[in-house]
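Structure first, then comments.
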Amino acid sequence: MLSTMIAVVIALLVGYIWGKRDGIVCGNQQGAVSIPLLLRQQSLEKGYCILCNKSKKKRMLYKLGEKRGKRR
Amino acid sequence: MWPAIFEFISITFSVIFCAITIKLADDFLDQDIDTNDYNFAKRLGNGSMLYGILSMVFAVSLNASVSITLFLGCYIIGMFHDLKHYFPSHLNGLQESILVLMIGIVFWGWQAMVFSLLFVFSIQLVDDYIDDYTDQLVGHRNWSHRLGRVECILLFLLSILAAWLTNERLFAPVLLGAVIFYGTLLYYQRGNL
């Protein structure tokens with residue numbers, strides 16, 4: 001009886017630790033894949049980059065300025 | 001019948017006296033860290049260690065093998081937080097733990113030592129589970145933070161069942177003594193006593 005209970009608790013513990021570890025790895029992978037897409041989607045919807053707060057127009061002008069600077 | 005009942009009661013009281021010793025020793029060591037008013041060493045002053053020794057004498061008088069192995073078990077489990085820390089004996093926590101375990105096995109046998117270690121470890125786990133939030137506020141990292149709350153409670157179940165399997169005769173009186181002491185302590189710490 002006691003040995004069976006110990007075996008059940010060991011199975012529960014191992015299963016819980018395994019599941020938790022697997023969940024963390026899986027969640028990290030899903031996050032790494034979906035976060036860039038979410039950032040891009042929200043930036044396009046709002047019209048400015050939600051990370052650096054620059055509008056698309058300003059960013060294009062900034063890039064053009066950079067190119068002109070290089071030519072000089 | 002009567003000798004069996006007397007043995008049960010003597011083991012229970014031996015555990016209670018041993019728990020008082022361990023509590024006083026722990027409070028004495030932590031009196032600079034503890035910020036709450038429930039530290040017995042602060043209330044009793046320097047006499048707390050003497051009361052602790054007196055309580056241990058009562059515990060040993062009632063049942064030597066149970067009380068001494070439980071005390072050694074507490075000493076070993078208490079060292080788990082300072083395994084790499086060097087003590088005045090010039091040994092680190094791990095070396096002292098192994099030395100105490102070997103001395104305990106030589107004097108009291110492996111069964112009594114394994115029982116005590118598993119039992120004390122289970123009490124430590126359930127205590128850390130209960131103190132999870134307060135220890136987090138103080139900044140003390142306990143087993144519940146290291147392992148996780150669910151793992152902590154499952155490991156508690158596992159260790160207490162393993163202790164039961166190791167020594168079925170001692171388990172009931174030792175558990176009763178631990179529950180009486182811990183229940184009274186919790187009742188006191190919540191301001192009811």
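The values are calculated or read from the model by the stated rules, or taken from the named source; none is laboratory data. Here the structure is a predicted model, which means the values were calculated and not measured. We place every Cβ from the backbone using ideal geometry, glycine too, and count neighbours over all the protein chains shown.
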- prompt: Somewhere in region A:17-30, is a residue within 14 Å of chain B (Cβ to nearest Cβ), surrounded by 10 or more Cβ atoms within 10 Å (Cβ to Cβ) and among the basic types (K, R)?
  reply: yes
task: Can you confirm whether region A:32-53 contains a residue that is among the aliphatic types (A, V, I, L, M) and within 12 Å of another protein chain (Cβ to nearest Cβ)?
output: no
- request: Find the helices (runs of 4 or more DSSP H) located wholly in region B:28-80 whose residues include 1 or more that are aliphatic (A, V, I, L, M), modelled with pLDDT under 95 and within 18 Å of B:G177 (Cβ to Cβ), and list them.
  value: B:47-62, B:64-78
task: Test B:G177 against the stated conditions and say whether it is out of contact with any Lys or Arg (no Cβ under 6 Å at 6 or more places or on another chain), surrounded by 22 or more Cβ atoms within 10 Å (Cβ to Cβ) and either over 17 Å from A:V9 (Cβ atoms) or within 14 Å of another protein chain (Cβ to nearest Cβ) (or both).
output: yes
task: Would you mind telling me which numbered condition in (1) surrounded by 19 or more Cβ atoms within 10 Å (Cβ to Cβ); (2) at pLDDT below 90; (3) under 19 Å from B:V15 (Cβ atoms) B:D127 fails?
output: (1)
query: Any idea which of (1) modelled with pLDDT of 80 or more; (2) surrounded by fewer than 16 Cβ atoms within 10 Å (Cβ to Cβ) is the one B:F17 doesn't satisfy?
result: (2)
message: Being surrounded by 10 or more Cβ atoms within 10 Å (Cβ to Cβ) and not in a loop (DSSP other than H, G, I, E, B) is the filter here; which residues of region A:37-53 pass it?
response: A:L38, A:L39, A:R40, A:Q41, A:Q42, A:S43, A:L44, A:K46, A:Y48
message: Give me the helices (runs of 4 or more DSSP H) completely within region B:97-193, filtered to those with at least 2 residues that are over 15 Å from B:L70 (Cβ atoms) and among the aliphatic types (A, V, I, L, M), ordered by residue number.
response: B:110-130, B:132-138, B:149-166, B:168-189
- prompt: Does region B:143-174 hold any residues that are surrounded by 21 or more Cβ atoms within 10 Å (Cβ to Cβ), away from chain A (no Cβ under 13 Å) and within 14 Å of B:S116 (Cβ to Cβ), and which are they?
  reply: B:L170, B:V174
All positions within region A:2-16 that are more than 9 Å from chain B (Cβ to nearest Cβ) and within 36 Å of the chain's Cα centre (by Cα): A:A11, A:V14, A:G15
message: Residue under question is B:L72, and the condition is that it be of a type outside the set (S, T, N, Q) and under 26 Å from B:L175 (Cβ atoms); does it hold?
response: yes
query: B:I98 is checked against (1) surrounded by fewer than 18 Cβ atoms within 10 Å (Cβ to Cβ); (2) modelled with pLDDT under 90 and fails just one. What number does that condition carry?
result: (2)
